[in-house]
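Worksheet: one structure, shown below.
The values are calculated or read from the model by the stated rules, or taken from the named source; none is laboratory data. Computed from a prediction, not measured in an experiment: that's the story for all the values here. Methodologically, a virtual Cβ is constructed for each residue, glycine included, from the backbone with ideal geometry; neighbour enumeration extends over all protein chains shown. The accessibility values were calculated without ligands, DNA or RNA, using every heavy atom of the protein model including side chains. Shrake-Rupley method; radii C 1.70, N 1.55, O 1.52, S 1.80 Å.
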Amino acid sequence: MANALTTLRLVLVLPFVFFMANGDSHSAAAALIIWLVALTTDLLDGPIARRRGTVRAIGGTFDHATDFLFVTSGISAGAWRGAFPWILPICITAAFAQYVIDSYWIHPRVGLRASKLGRYNGMLYFAPPCVDALIRLGVGFLRPPLRVLVWVLVASTIVSMLQRLIYRRLSEDLASRSPQK
């Protein structure tokens, strides 16, 4: 059931991109409805998997990858329209790539190795498309807060990437200094 909800969110990526790329109010309403469905599935899939005892590393990776595709595609479509600076989807893509590479190749383990700031960023990446849709529906006073949010996300994503890099370097230094048995 949890993976079905995540699959639904994945299926919604293309229509979401279409409606985010169009600047009219009908597209904004459709994008907002799709966003609400996607957010609901994202909020429900984890608790359902935990309640049913079906939590698996592959399911978590599928969930994170789907979230990444959903928000990055929507934000990229908005950037194409001029609603967001291109640096935001570029930063999100770089951070997700670093997250996956670090979790599966540099520090191999069963599943993704999350950070607290990365987790908060991941949740907040859902906000810009929603706020953009609301602006296109006439809630224009949200435009300045959206600009601030976007640049805060750019900065916090860069900080998160630097934290992961510094943590990795510190871990490697400590491992190289510890006595070998």
Inset, instruction - May I ask you to list the residues in segment 42-72 that are over 16 Å from Ala97 (Cα atoms) and in contact with a Ser or Thr (Cβ under 7 Å, 6 or more places away or on another chain)? - result: Asp45
Inset, instruction - State which residue pairs qualify: first residue farther than 30 Å from Ala31 by Cβ and touching a residue at least 12 places away in the same chain (Cβ under 8 Å) and inside segment 50-75, second residue open to solvent by 50 Å² or more (accessible area, probe 1.4 Å) and assigned to a helix (DSSP H, G or I) in any location, beta carbons under 9 Å apart, and separation of 6 or more residues or different chains. - result: Thr54/Asn3
Inset, instruction - Identify all residues within segment 11-48 that are out of contact with any Leu (no Cβ under 9 Å at 6 or more places or on another chain) and either among the small types (Gly, Ala, Ser) or over 16 Å from Ala77 (Cβ atoms) (or both); write none if there are none. - result: Val11, Ala21, Gly23, Ser27, Ala30, Ala31, Leu36, Leu39, Leu43, Gly46, Pro47
Inset, instruction - Report yes if Gly46 is without any contact (Cβ under 8 Å) to a residue 24 or more places away in the chain, small (Gly, Ala, Ser) and over 12 Å from Leu12 (Cα atoms), otherwise no. - result: no
Legend entry - Selection within segment 78-103 - open to solvent by 10 Å² or more (accessible area, probe 1.4 Å), aliphatic (A, V, I, L, M) and in a helix (DSSP H, G or I): Ile87, Ile90, Ala94, Ala95, Ala97, Val100, Ile101
Legend entry - Of the criteria (1) out of contact with any Lys or Arg (no Cβ under 8 Å at 6 or more places or on another chain); (2) assigned to a helix (DSSP H, G or I); (3) more than 14 Å from Tyr125 (Cα to Cα), which one His64 fails: (3)
Legend entry - Number of the condition not met by Leu8 [criteria: (1) open to solvent by 40 Å² or more (accessible area, probe 1.4 Å); (2) within 18 Å of Ala77 (Cα to Cα)]: (2)
Inset, instruction - Kindly list, by first and then second residue, each pair from a residue in segment 139-155 that is within 12 Å of Ala83 (Cα to Cα) and charged (D, E, K, R) to a residue that is assigned to a helix (DSSP H, G or I) and open to solvent by less than 50 Å² (accessible area, probe 1.4 Å), limited to pairs with Cβ atoms under 8 Å and residues at least 6 apart or on different chains. - result: Arg143/Ile135
Inset, instruction - Say whether the condition of being modelled with pLDDT of 95 or more and charged (D, E, K, R) is met by at least one residue in segment 142-154. - result: yes
Inset, instruction - Check segment 41-57 and report whether any residue there is crowded, with 18+ Cβ neighbours inside 10 Å and within 19 Å of Pro129 (Cα to Cα). - result: yes
